[in-house]
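The values are calculated or read from the model by the stated rules, or taken from the named source; none is laboratory data. Keep in mind that this is a model prediction, so the values were computed, not measured. Here Cβ is always computed from backbone atoms with ideal geometry, including for glycine, and neighbour counts include all displayed protein chains.
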């Protein structure tokens with residue numbers, strides 16, 4: 001299933017998206033569970049949701065309105081990988097060198113989380129904001145000290161992340177937090193594809209399109225560390241909780257895009273598309289101008 005969180009006049013509700021000959025249709029699941037988190041963590045509710053989708057009369061379902069979608073889930077924490085694709089290496093490192101022994105893990109803080117329709121504000125003074133298209137893994141059950149063999153049983157499904165980054169801030173220090181964690185720098189969505197309907201996460205094509213040009217195109221078959229390995233590895237250090245997200249890194253830009261790198265600017269649009277998962281399009285806007293000064297009061301007032 002493709003699980004979504006959609007807006008209604010009475011608030012947000014969980015739903016599932018069905019593909020039909022007439023386009024995507026929405027199955028509301030608000031009476032099955034309070035939200036997507038409850039669905040992915042409760043097997044009985046998930047079975048009820050699947051039964052609802054299986055019995056739905058397509059002609060009676062409303063068309064999906066993409067603009068009504070919010071982030072499918074708000075993670076408790078988001079962990080991301082750096083340089084997890086072969087050929088993607090830090091500046092000055094030989095791309096043909098041996099694979100690293102361990103993954104390079106960093107965090108995106110809660111202020112970065114955003115939905116599929118949220119524009120990303122380019123911070124005032126930012127000089128080199130960039131994009132990264134990534135396959136992201138949503139955790140279903142608590143994982144602590146899990147084996148590689150058991151790791152995938154803890155996965156609810158997959159979504160898409162644009163790991164927006166400020167390269168100028170990132171280059172200023174060995175730790176990446178200030179380059180990765182500006183407000184809104186982690187749009188996710190538009191849905192979670194559950195594991196029963198998802199393709200093999202080690203064999204999907206990750207592409208990024210910037211203003212109509214494909215700038216990234218590489219298969220997850222070229223990742224250094226598999227999803228199962230990463231879950232097992234991280235769980236040796238911290239407990240992964242239901243709803244947490246692990247993002248699996250971005251491929252290197254294509255040579256022409258890399259050579260012609262230009263920072264994101266207001267009005268730019270970036271689409272991350274992953275085969276079997278979907279598309280996530282993010283628009284970038286300028287920071288709002290400073291609030292105007294308060295009007296002066298007439299003389300003699302306070």
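Tabulated data
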| item | result |
| --- | --- |
| Yes/no for residue 11 being in contact with a strand residue (DSSP E or B) (Cβ under 8 Å, 6 or more places away or on another chain) and surrounded by fewer than 20 Cβ atoms within 10 Å (Cβ to Cβ) | no |
| Enumeration of residues in the range 134-153 that are surrounded by 21 or more Cβ atoms within 10 Å (Cβ to Cβ) and part of a helix (DSSP H, G or I) | 151 |
| Candidate set from the range 255-274 (those that are touching a strand residue (DSSP E or B) at 6+ places or on another chain (Cβ under 6 Å) and over 19 Å from residue 121 (Cβ atoms)); member that is surrounded by the most Cβ atoms within 10 Å (Cβ to Cβ) | 274 |
| Per-region count, the range 219-239, residues touching a helix residue (DSSP H, G or I) at 6+ places or on another chain (Cβ under 6 Å) and surrounded by fewer than 18 Cβ atoms within 10 Å (Cβ to Cβ) | 1 |
| Residue in the range 154-163 that is surrounded by fewer than 24 Cβ atoms within 10 Å (Cβ to Cβ), touching a residue at least 40 places away in the same chain (Cβ under 8 Å) and under 17 Å from the mean Cα position of the chain (by Cα) present | yes |
| Residue 242 assigned by TED's automatic domain parsing to the domain that holds residue 131 and either touching a helix residue (DSSP H, G or I) at 6+ places or on another chain (Cβ under 7 Å) or under 12 Å from residue 134 (Cβ atoms) (or both) | yes |
| Residue 69 vs. criteria modelled with pLDDT of 95 or more, in contact with a strand residue (DSSP E or B) (Cβ under 8 Å, 6 or more places away or on another chain) and within 30 Å of residue 167 (Cα to Cα) | yes |
| The range 240-253: number of residues that are over 22 Å from residue 206 (Cβ atoms) and crowded, with 21+ Cβ neighbours inside 10 Å | 1 |
| Residues satisfying the stated conditions in the range 185-218, i.e. on the phi > 0 side of the Ramachandran plot and free of Cβ contacts under 8 Å to residues at least 40 places away in the same chain | 212 |
| The range 199-232, residues that are more than 18 Å from the chain's Cα centre (by Cα), under 19 Å from residue 146 (Cβ atoms) and in a loop (DSSP other than H, G, I, E, B) | 225 |
| Neighbours by Cβ (under 7 Å, 6+ apart or cross-chain): first from the range 267-284, on the phi > 0 side of the Ramachandran plot and assigned by TED's automatic domain parsing to the domain that holds residue 133; second in a loop (DSSP other than H, G, I, E, B) and buried (at least 23 other Cβ atoms within 10 Å of the Cβ) | none |
| Any hit, the range 188-196, residues being out of contact with any strand residue (DSSP E or B) (no Cβ under 8 Å at 6 or more places or on another chain), assigned to a helix (DSSP H, G or I) and surrounded by fewer than 22 Cβ atoms within 10 Å (Cβ to Cβ) | no |
| Hits in the range 174-185 - residues which are touching a helix residue (DSSP H, G or I) at 6+ places or on another chain (Cβ under 8 Å) and in a loop (DSSP other than H, G, I, E, B) | 176, 181, 182, 183, 184, 185 |
| Strands (runs of 3 or more DSSP E) contained entirely in the range 17-119, each with at least 3 residues that are outside the structural domain of residue 239 (by TED's automatic domain parsing) and either without any contact (Cβ under 8 Å) to a residue 40 or more places away in the chain or under 24 Å from residue 196 (Cα atoms) (or both) | 23-28 |
